[in-house]
Amino acid sequence: MRSRSKRNIVLVLLGSLCISLNGLAQKGPSFIGITGGLSIPTGNWAKANFVSSVSGFADDPSGYAKKGGIGGVEGAYFFSKHFGIGALANYATYKTNIKPLSDGYQDSFDVDQVTTTASGYKIWNFLPGFYFDLPVWKRLSVTARALAGISHASTPAISVDVEDGGNDDGTFEQKEASKTAFAFDLGAGLSYRIGRCFAVNLKADYFNTKPDFTIENSQRLNSAGRLITSYDQPLSAVNVSLGVAYVFGK
Amino acid sequence: MQKIFFAPRKYLAALAILSLLVINGCNKKESTVSPAPPGNETLSTVELVYQNAANPSDAGVAIWRQLDLTEVKPPDTSLAKVNLKANATYHVQVIILDEVSDAPKVDSVTPEILDRENYHLFFFQPEPVAASSVVISITTPYIPVEDGTVTSATGPYLNLSVARTDLDTNNPPLQIGLQDNFTTGAASTGSLRVVLRHQPNAKNGTYAPGSTDLDVNYQVSIQ
């Protein structure tokens with residue numbers, strides 16, 4: 001039993017070596033292209049808790065990030081049939097899920113009305129790394145990438161206007177904050193060649209960065225409601241993207 | 001044969017810029033309004049529970065009551081009378097009840113105000129009062145002249161001063177007014193106006209910010 005599993009491992013390793021050596025003899029499909037799609041925040045960043053605190057400030061890890069759009073450019077040079085190095089530069093934006101946030105402030109201050117206005121999260125990424133391509137059927141390849149680099153992210157600017165008893169009791173603000181941090185992206189997908197020069201790529205990726213934002217607030221005169229002065233939760237997302245690429249070198 | 005020049009990289013660059021503009025354009029500011037849910041309590045009854053600090057048997061309750069939600073009928077002030085001894089100090093507690101919403105059950109609203117102490121502030125104004133006695137600061141409970149206090153140049157004055165004794169959890173702490181000390185002087189009569197200000201994210205110790213949750217009057221007799 002044990003010798004059989006050892007034999008299997010050896011066979012897999014030999015197979016991999018064979019693919020690599022074979023791959024070194026040829027060059028794979030280097031490309032440059034654009035990509036765009038949907039980015040789905042995960043974890044605490046995507047949470048949108050109703051936070052009410054009538055006496056004292058409340059800190060909550062909810063990020064209130066909605067699904068967003070993502071787009072960018074990427075390219076890779078394949079130094080062998082299957083492996084290449086390249087980079088992805090992209091930009092993503094996410095609207096803020098302000099309804100539960102706003103309802104929490106209304107309840108915290110026990111007022112007639114709260115009007116909450118917010119911008120969104122913005123993330124710029126530059127992620128170099130390794131690319132993999134394995135032709136599986138005619139023009140179709142399975143692709144994968146493992147990228148690591150930097151991410152520049154910014155949080156929404158949020159303003160809350162409080163009205164009660166016919167009076168406008170003023171507006172308080174959570175200021176926009178930005179930070180650059182390490183980021184990584186792991187993904188897999190399918191690539192379909194169209195003609196000699198083009199390919200259509202469908203990819204799914206997991207992206208993660210963890211900027212430790214320091215957040216400024218203004219006009220928080222009384223201790224009540226949600227107040228965050230830092231946000232150190234991971235900004236992680238599953239990205240589903242469709243792209244078109246110009247293929248060369250094969 | 002005519003050559004067709006096709007520059008895919010240029011098209012890709014143009015598409016990339018276009019897609020970034022579209023993505024950024026989708027990220028405009030959003031706004032939402034959160035109104036208060038229905039069913040807030042009614043502040044129908046305000047009690048001043050007082051006790052002489054030097055003589056606990058000298059105690060009383062003054063009750064102001066408005067059970068008519070339409071406020072067409074005048075409030076019941078038959079029990080809104082504070083009887084104090086001259087030259088004494090009284091510990092006073094303000095109790096607010098809702099005798100309307102859940103009648104015949106009586107709900108105390110005081111714990112809720114205490115919960116929300118960081119944006120509630122009571123004011124007390126004895127009248128008649130000399131202008132010089134209406135000292136306005138973040139630690140005095142008096143109501144500015146522009147907010148309805150009538151001063152008298154000649155008197156006779158109601159010889160009563162009020163000091164709040166409880167603090168909220170703001171930083172720095174501000175007074176609340178659910179617990180107070182009334183200090184009397186010589187025998188006199190007049191009225192005491194009690195106002196509760198709701199100052200959401202605006203409480204700073206002064207009367208001005210916010211709105212009025214209740215505004216009631218008591219007759220005061222100092223013997």
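Computed from the coordinates by the stated procedures, all read-outs in this text should not be read as laboratory data. What you are looking at is a predicted structure, and each value in this text was computed from that prediction instead of being measured. Cβ atoms come from the backbone with ideal geometry, glycine included; neighbour counts cover every protein chain shown.
Here A:LYS27 and A:ALA188 are evaluated by their C-beta separation; at R0 = 22 Å the FRET efficiency comes out at 0.55. Largest GNM mean-square fluctuation across A:LEU221, A:LEU186, A:LEU127, computed for chain A with C-alpha springs under 10 Å, falls on A:LEU221. Taken residue by residue and averaged, Cβ atoms of other chains lying within 10 Å of the Cβ of B:191-203 number 5.
Over the whole of A:95-104, what's the average partner chain Cβ count within 10 Å per residue? Rounded to a whole number, please.
The mean count of partner-chain Cβ atoms within 10 Å per residue comes to 3.
For chain B, the calculated P(r), taken from all Cα-Cα distances in 10 Å bins from zero up to the bin holding the longest distance, is 7, 26, 28, 14, 5, 4, 5, 4, 3, 2, 1, 0 percent. Of the peptides B:46-52, A:140-146, B:57-63, the order by per-residue mean of other Cβ atoms within 10 Å, starting with the highest, comes out as B:46-52, A:140-146, B:57-63. When the P(r) is computed for the range B:148-215, the part past 17 Å accounts for 55% of the Cα-Cα pairs. Size descriptor for the protein assembly as shown, Kirkwood hydrodynamic radius: 27.6 Å (Cα pairs only, one decimal). Exposed loop sites were defined as trypsin sites (Lys or Arg not before Pro) in DSSP loop states (anything but H, G, I, E or B) carrying at most 12 other C-beta atoms within 10 Å; in chain B the longest segment without such a site runs B:106-223. Both radii are taken from the alpha-carbon atoms of the range A:101-183; with Rh as the Kirkwood radius, Rg/Rh is 1.36. Available extension along the chain between B:ASP76 and B:ASN181 is 35.3 nm, counting 0.36 nm per residue and deducting the alpha carbon span. Inverting the pair-averaged 1/r between distinct Cα atoms of the range A:24-157 gives 17.7 Å as its Kirkwood hydrodynamic radius.
Between B:THR89 and B:LYS29, what FRET efficiency comes out of the Förster formula 1/(1 + (r/R0)^6) with R0 = 41 Å and r the beta carbon distance, rounded to 0.05? Could the numbers behind the result be given before it?
Details: r = 55 Å, r/R0 = 1.35.
For R0 = 41 Å, the calculated efficiency reads 0.15.
The radius of gyration of the Cα set in the range B:54-98, together with its Dmax, comes out at 13.9, 42 angstrom. Computed from label points 7 Å out along Cα-Cβ, the spacing between A:TYR206 and A:THR42 is 0.5 nm.
With neighbours defined as other Cβ atoms within 10 Å of a residue's Cβ, the residues B:TYR90, A:TYR231, A:TYR206 order from fewest to most as A:TYR206, A:TYR231, B:TYR90. Distance between the pseudo-spin-label points of B:ASP166 and A:ARG139 (7 Å out from Cα toward the beta carbon): 7.7 nm. Phi angles of the range A:27-37 translate, via the Karplus equation with coefficients 6.51, -1.76, 1.60 and θ = phi - 60°, into HN-Hα couplings of 10, x, x, 4, 7, 9, x, 10, 8, x, x Hz per residue; Gly and Pro are given as x. The convex hull around the C-alpha trace of the range B:110-181, projected and averaged over every direction, spans 5.2 square nanometres.
Calculated translational diffusion coefficient of chain A (4 °C, 1.567 mPa s; Stokes-Einstein with Kirkwood radius over alpha-carbon pairs) equals 63 µm²/s.
Here the spin labels are modelled as points 7 Å beyond Cα on the Cα-Cβ line, and at B:THR189 and B:ALA208 they lie 3.8 nm apart. Backbone geometry of the range B:175-185 corresponds, through the Karplus equation with coefficients 6.51, -1.76 and 1.60 at θ = phi - 60°, to 3J(HN,Hα) couplings of 6, 10, x, 6, 10, 8, 10, 9, 10, 9, x Hz, x marking Gly and Pro. For the pair the range A:217-246 / the range A:175-209, the C-alpha centres are spaced 20 Å from each other. Computed from Cα positions, the angle between helix A:98-109 and the longest principal axis of chain A comes to roughly 30 degrees.
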